[in-house]
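Working notes, structure below.
The values are calculated or read from the model by the stated rules, or taken from the named source; none is laboratory data. Remember, predicted model here, so these are calculated numbers, not experimental data. Cβ placement follows ideal geometry from the backbone for every residue including glycine, while neighbour counts extend to all protein chains displayed. What goes into the accessible areas is simple: the full protein's heavy atoms, side chains included, and nothing from ligands, DNA or RNA. Shrake-Rupley method; radii C 1.70, N 1.55, O 1.52, S 1.80 Å.
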Amino acid sequence: MTTRVSRAPAISVRGIGKSYSGVPVLRDVDLDIAPGEVHGLVGENGAGKSTLLKIVGGAIRADQGTISFDGEQVSIGRPRDAIAHGVSLISQEGALVPALSVLDNVFLARWSHRASLIRGRADRRRLDELKELTGFAVDPDERVDRLPIGAQQQVEILRSLARGARVLAMDEPTAVLSEHEKENLLGLIRRLAAAGTTVILVSHFLDEVLAVADRITVLRDGALVRTGPAAETSPRELVAHMVGREIDVLYPDPSPVPAEAPVVLRARGLRRGLVRGVDLEVRAGEILGIAGLVGSGRTETLRLLFGADRAAEGVVEVDGVTLHRHTPRQAMAAGMALVPESRKEQGLVMVRSVAENVALSSLPERRVGPFVNRPGERAAVGGIATSVDIRAANPAAAIETLSGGNQQKALFAKWLLRSPRVLLVDEPTRGVDVAAKTQIHHLITGLAADGMAVVCVSSEIEELLALSHRVLVLRHGEPVGEYPRGTTPEVVIAAAFGDDDEGASS
Amino acid sequence: MTVDVTPQAAAASAPASANVSRLAFRLRDYGILAAFAVIVIALSVSTDTFLTRGNLVNLLDQTAVLGLLAVGATVCIVSGVFDLTASATLALSAIIGVKIVQVTNVYVGFAGAVAAGAALGFVTGMVVTRSGVNSFVGTLATSLVYRGLAVMVTGAAIIYPPAGLAEDFGMLTWPSLFGLTSATIVFVVVVAVIGVLVARTTFGRRLYAVGGNAEAARLSGIRVGSIHVSAFVISGICSALAGLILASRAGSAQSTMATGMELTAIAAAVVGGTSILGGEGAVWRGIVGALLLTLIGNGFNLLGWDTIYQQVLQGCLILFAVTMDRWLRRRSR
């Protein structure tokens, strides 16, 4: 794809700076993006890429600098300027109205109307055209909050296109998608760019940025360190720029499971909703990976094991203790721990301090009568924070002030304080920067080497295959195969999709 | 690769910014005390009656009822629920107390009222947690039931303790330690106990966790329902004590006691700086909020201002406090 340099840049950013409470998150960033270009924006968590994206999208206001759209300078950070110039921001949080239909969301506040009466049929036709253009298949009448997250994102993209967006600013669009959905989205980005839409893509996944972007910009600590054509770049080089040094991006190898290691976790006939009969066994020191498409019941299986949802049928055995229709408390008492899928919604109490969060699941272990043993707590939290390397300026600061990587490490620390026998981890490195990701990988393999039984769910198939001793593939809530270490991603993905067509009855 | 960044090191790397954010942090945390101090100083300077022993004793006595309700409201709000039954519980438990006094004596009656408050709080809690209805709606409905029961029990009349016990029944108005009224002493003791409970115990930790993120708390092995029920029980006890103070002052109880005061209590909690979203706040904040609202009334009296403006000023104060809170929070992010 060639970039057309003859025209003014679609977006031109000069000397952009932004600080929060005096801490600079962006410093003096200059960047030109040509019309029809796919521009990748990469960097570690906290490097400032989302901030830059939001400034361009008009969601937040820069402290210094200028922004020009199509060569025309606009006042900084006014949403209406960004919208007027066809810039559409698709953020991680999503900006849909949950209780409205797909149709209403796509044309939100821009419904076709005649004499103030909404003309639904005209909108339906417009939506059909957009669906054809994008290849998305969403039911226009479904409520948005009943859609899976991948489809919700499609609704946001449809809305941007319905508003005639000429610049799509996308923040981690693939983080919540399955491999298949990811491929579709990347294909769509290529097609939109070929048709003249400019796309700015923020992503942690370097492979996909390299695959789809024309040029890539690396940010580090709020400063632009490199912009260049994607074709001349390797992942290793990008990572080196991101962290400022060459680091080992290789996954750690899990230690072999001792031959005499006992089975610590055993589940029989787990069933509820998406999960239609899952059996599994994990030995001490073993890491079992669970693979599958979104909706295959991976997360739901972990939740049933832990009792986060109550199984309709089935039993779980931990170290000889049998659990049936159990609660998280009972699971914890038996020695289980769950690092859930969403740290913001299920894992952490964001407004409370790092120390309180880390101590939360083991409160009874450090008390004097009804009182919290505060020196004991400080010592315990301090110790575990050092061993998992939580970097917090102040353990009394609210945990929401930490980077995603440090939050995730705090979530692990919370459970490690209980010394569980079985650790269930769901998407352990989602939204985590490269350095913290490697640390978490080492943490997981290290815990297994010390004898913990680990069950890991991840949408990143390479991560899952690299960390696991064995991979269990789920499809439609049932195990369809178990693969030893060394299996290629292609084989596992093929199993997850099924040999026959999707949705075929079996 | 462990890097421990101490606060000092962080401050050294960006001294100016750290100072700014720390100032914002302080303002957010303790701004309400500054506001309180300003009003106290202004009243001390502008009147010669404010800083008298009599007035201060009177002020604390006046604050006791709202203060107790504000403490109950704070505990509930921190845990992520609202208790709109507070004033109805106050009336019903005071009425039950008087009824018991009529057949036994004052001490048994008072204990019975507190037990009734706890029991009503327990019922409220069970209704909210078992039905899964939003606490705002659930307690609104429950409060109608309690108010209605109060009317039924009293036959919509004022009820009195027996004539022989009337004097003893007024014991909460009697002077006690340091010349403070007994009501003030009850208030201070209860505040201290609940303050410690919330700030220092594992129960308090659970309370904040449940209010901050109920799902994360549940997945950490916390029984969210029983924490909420406990919060309602504490609120019920506070309401009952407040009801006893009012009844002891009036020498009677009736079904319309303290109508609408549950909202003033929530306002006091919020003025003090407790987040309406749950998971943040403190018992002392509720007290400061209650003192502030009471102080305005006291100031109007002492300055001889027309009390028709009092509510307007109180409303403005609440708006101001909440706006400041929001503003400081946004700055510190």
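Some notes on this structure:
- Residue A:376 being open to solvent by less than 40 Å² (accessible area, probe 1.4 Å) and either out of contact with any Lys or Arg (no Cβ under 9 Å at 6 or more places or on another chain) or in contact (Cβ under 8 Å) with a residue 40 or more places away in the chain (or both): no
- Test result for residue A:441, surrounded by fewer than 23 Cβ atoms within 10 Å (Cβ to Cβ) and farther than 26 Å from residue A:334 by Cα: no
- Top-ranked residue in the range A:207-226 [being over 12 Å from residue A:38 (Cα atoms) and assigned to a strand (DSSP E or B); ranked as most open to solvent (accessible area, probe 1.4 Å)]: A:220
- Residue within the range B:294-306 that is within 27 Å of residue A:399 (Cα to Cα), over 19 Å from the mean Cα position of the chain (by Cα), open to solvent by 20 Å² or more (accessible area, probe 1.4 Å) and away from chain A (no Cβ under 14 Å) present: no
- Residue match in the range A:228-245 (condition: surrounded by fewer than 16 Cβ atoms within 10 Å (Cβ to Cβ) and in a strand (DSSP E or B)): yes
- The range B:271-282, residues that are open to solvent by 10 Å² or more (accessible area, probe 1.4 Å) and of a type in the set (A, V, I, L, M): B:276, B:277, B:282
- Evaluating residue A:175 against the criteria (1) open to solvent by 10 Å² or more (accessible area, probe 1.4 Å); (2) part of a helix (DSSP H, G or I) leaves one unmet condition, (2).
- Subset of the range A:353-372 [small (Gly, Ala, Ser) and either in contact with a Leu (Cβ under 8 Å, 6 or more places away or on another chain) or open to solvent by 40 Å² or more (accessible area, probe 1.4 Å) (or both)]: A:359, A:361, A:362, A:369
- Criterion (open to solvent by 10 Å² or more (accessible area, probe 1.4 Å), over 22 Å from residue A:496 (Cα atoms) and out of contact with any helix residue (DSSP H, G or I) (no Cβ under 9 Å at 6 or more places or on another chain)) met by exactly one of A:159, A:163, A:146: A:146
- Residue match in the range B:34-41 (condition: assigned to a helix (DSSP H, G or I), farther than 28 Å from residue B:327 by Cβ and modelled with pLDDT of 90 or more): no
- Flag if residue B:90 is under 16 Å from residue B:265 (Cα atoms), in a helix (DSSP H, G or I) and either out of contact with any helix residue (DSSP H, G or I) (no Cβ under 9 Å at 6 or more places or on another chain) or open to solvent by less than 60 Å² (accessible area, probe 1.4 Å) (or both): yes
- Criterion: more than 9 Å from every other protein chain (Cβ to nearest Cβ) and over 30 Å from the mean Cα position of the chain (by Cα) - qualifying residue of A:370, A:375: A:375
Each row is one residue, and each column tells you yes or no for (1) open to solvent by 30 Å² or more (accessible area, probe 1.4 Å); (2) basic (Lys, Arg).
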| residue | (1), (2) |
| --- | --- |
| A:402 | no, no |
| A:421 | yes, yes |
| A:433 | no, no |
| A:476 | yes, no |
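- Qualifying residue in the range A:264-272 (condition: open to solvent by less than 20 Å² (accessible area, probe 1.4 Å) and either touching a Ser or Thr at 6+ places or on another chain (Cβ under 6 Å) or assigned to a helix (DSSP H, G or I) (or both)): no
- Checking each residue in the range A:327-352 for being modelled with pLDDT under 95, more than 8 Å from chain B (Cβ to nearest Cβ) and open to solvent by less than 50 Å² (accessible area, probe 1.4 Å) picks out A:342, A:343.
- Just one of the numbered conditions (1) part of a helix (DSSP H, G or I); (2) more than 9 Å from every other protein chain (Cβ to nearest Cβ); (3) not charged (D, E, K, R) is not true of residue A:451: (1).
- Within the range B:175-202, being open to solvent by 40 Å² or more (accessible area, probe 1.4 Å) and either within 14 Å of another protein chain (Cβ to nearest Cβ) or more than 20 Å from the chain's Cα centre (by Cα) (or both) holds for B:175, B:176, B:177, B:178, B:193, B:196, B:197, B:199, B:200.
- Per the listing A:226, A:166, A:220, the residue uniquely of a type outside the set (A, V, I, L, M), at pLDDT 85 or above and under 28 Å from residue A:132 (Cβ atoms) is A:166.
- Members of the range B:207-220 found to be facing another protein chain (nearest Cβ under 7 Å) and open to solvent by 10 Å² or more (accessible area, probe 1.4 Å), listed by number: B:208, B:212, B:213, B:215, B:218
- If you filter the range A:300-326 down to residues that are open to solvent by less than 20 Å² (accessible area, probe 1.4 Å), part of a helix (DSSP H, G or I) and touching a residue at least 60 places away in the same chain (Cβ under 8 Å), you find that the one that is farthest from the other protein chains (Cβ to nearest Cβ) is A:301.
- Of everything listed in (1) in contact (Cβ under 8 Å) with a residue 12 or more places away in the chain; (2) open to solvent by 40 Å² or more (accessible area, probe 1.4 Å), the single unmet condition for residue B:172 is (2).
- Taken over the range B:103-114, the criterion of being closer than 16 Å to residue B:150 by Cα and either open to solvent by 10 Å² or more (accessible area, probe 1.4 Å) or without any contact (Cβ under 8 Å) to a residue 60 or more places away in the chain (or both) is satisfied by B:112, B:114.
- Neighbours by Cβ (under 6 Å, 6+ apart or cross-chain): first from the range B:27-49, closer than 14 Å to residue B:284 by Cα; second surrounded by 11 or more Cβ atoms within 10 Å (Cβ to Cβ): B:32/B:272; B:32/B:273; B:32/B:288; B:36/B:288; B:36/B:292
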